[in-house]
1. Could you check, for the range 134-142, whether at least one of its residues is in a strand (DSSP E or B), buried (at least 23 other Cβ atoms within 10 Å of the Cβ) and not aliphatic (A, V, I, L, M)?
2. Based on what the data block shows, is residue 108 of a type in the set (A, V, I, L, M, F, W, C), in contact with a helix residue (DSSP H, G or I) (Cβ under 6 Å, 6 or more places away or on another chain), surrounded by fewer than 17 Cβ atoms within 10 Å (Cβ to Cβ) and within 21 Å of residue 179 (Cβ to Cβ)?
3. Do you know which residues across the range 129-170 are of a type in the set (Asp, Glu) and touching a residue at least 24 places away in the same chain (Cβ under 8 Å)?
4. So, in the range 201-233, of the ones that are among the β-branched types (Val, Ile, Thr) and more than 19 Å from residue 109 (Cβ to Cβ), which residue ends up farthest from the chain's Cα centre (by Cα)?
5. Between a first residue in the range 50-74 that is free of Cβ contacts under 8 Å to residues at least 40 places away in the same chain and a second residue that is open to solvent by 10 Å² or more (accessible area, probe 1.4 Å) and not in a strand (DSSP E or B), which pairs have beta carbons less than 6 Å apart while being 6 or more apart in sequence or on different chains?
6. Could you tell me whether residue 115 is among the hydroxyl-bearing types (Ser, Thr, Tyr), modelled with pLDDT of 95 or more and in contact with a helix residue (DSSP H, G or I) (Cβ under 7 Å, 6 or more places away or on another chain)?
7. Of the conditions (1) closer than 19 Å to residue 205 by Cβ; (2) assigned to a helix (DSSP H, G or I); (3) not small (Gly, Ala, Ser), residue 71 fails just one. Which one is it?
8. Would you be able to tell me the number of residues in the range 241-262 that are aliphatic (A, V, I, L, M) and out of contact with any helix residue (DSSP H, G or I) (no Cβ under 9 Å at 6 or more places or on another chain)?
Amino acid sequence: MRIKHITLAVAAAVLGSALTAGCGTPTVPAPKVISSATVAGGKLTIGIDEDQPGLGFKNPDGSLSGFDYETAKYVAGALGVQPADITWVEATPDNREKLLENGSVQLVFSTYSITDERKQVVDFAGPYFEAHQSLLVRLDDDTITGPTTLHRKVLCSVIGTTSAKYIEDHYKGDITLREYPRFSDCVAALAAGDVDAVSTDDVILAGYAASKQYQGKLKVVGDGFTDELYGVGVRKGDTAMVDRVNAALTQYIDSGAWKKALEKTVGPSGYSIPAAPTPGTE
């Protein structure tokens, strides 16, 4: 399912505290342990982003929230690992491969797009979500409607993302690309008028546009000009783990927990929830 436009008419819904729990939020069904897919030792170290509202976000009280967080907890549970036995490590676009290669983490849930280039370094389970690259601009800016309207504009993206690479490959010379370490850096620069647009996956941008800090100030445009299939990063060569995670993701989707998790975390932003992909097909 390709998302052609995101409507962010979010009057009262605020990502952040509203995404963690509360009255009226969907309850994510608990996973059933898959006996053939349990992890030896009953412990996991998982890499997750902490800078993406609604996806992987570290709240002011130190707790984690978001769809990737819910997905990671579900998969861990299906593998026989309780939440108390998960060690969380921050994974950013520029360190995800390194964390897996050096054994600092066993899995990465971090809006991690599956690409042929990355497959040379790490393995992937999934996909478990399909997003599309778009643009975030200031609410009063009607000059930018998509990538073809970026001529002579200053665009911000994050180091190590497929979004930055796509812009460089397809629009280099027409725009000034500014790369920062974190998504929040780009969004802050946009709100301050230091850049004209931010580019990454639409679901990430929707989270920022609906957040308490930026609600009513930013909007998502661009009609989703790429397809981004999110996978779970696994250390290269660990095919047994890939198979286990794919089994867990299949249960996650089939049980209805996948949809409930999205409604709880991403739904408040106004983002249209897409159809679920089929794990093990990439």
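1. Yes, that holds for at least one residue.
2. no
3. Passing the criteria: 130, 141.
4. Across the range 201-233, the extreme among qualifying residues is 221.
5. Cβ pairs passing all conditions: 58/50; 73/83.
6. Here the answer is yes, as residue 115 does meet what is asked.
7. (1)
8. Count: 2.
The values are calculated or read from the model by the stated rules, or taken from the named source; none is laboratory data. Note that the structure is predicted; figures quoted are calculated from it, not measured. Cβ sites come from the backbone with ideal geometry, for glycine too, and all protein chains shown count toward neighbours. Note: areas computed on protein heavy atoms with side chains; ligands, DNA, RNA excluded. Shrake-Rupley method; radii C 1.70, N 1.55, O 1.52, S 1.80 Å.
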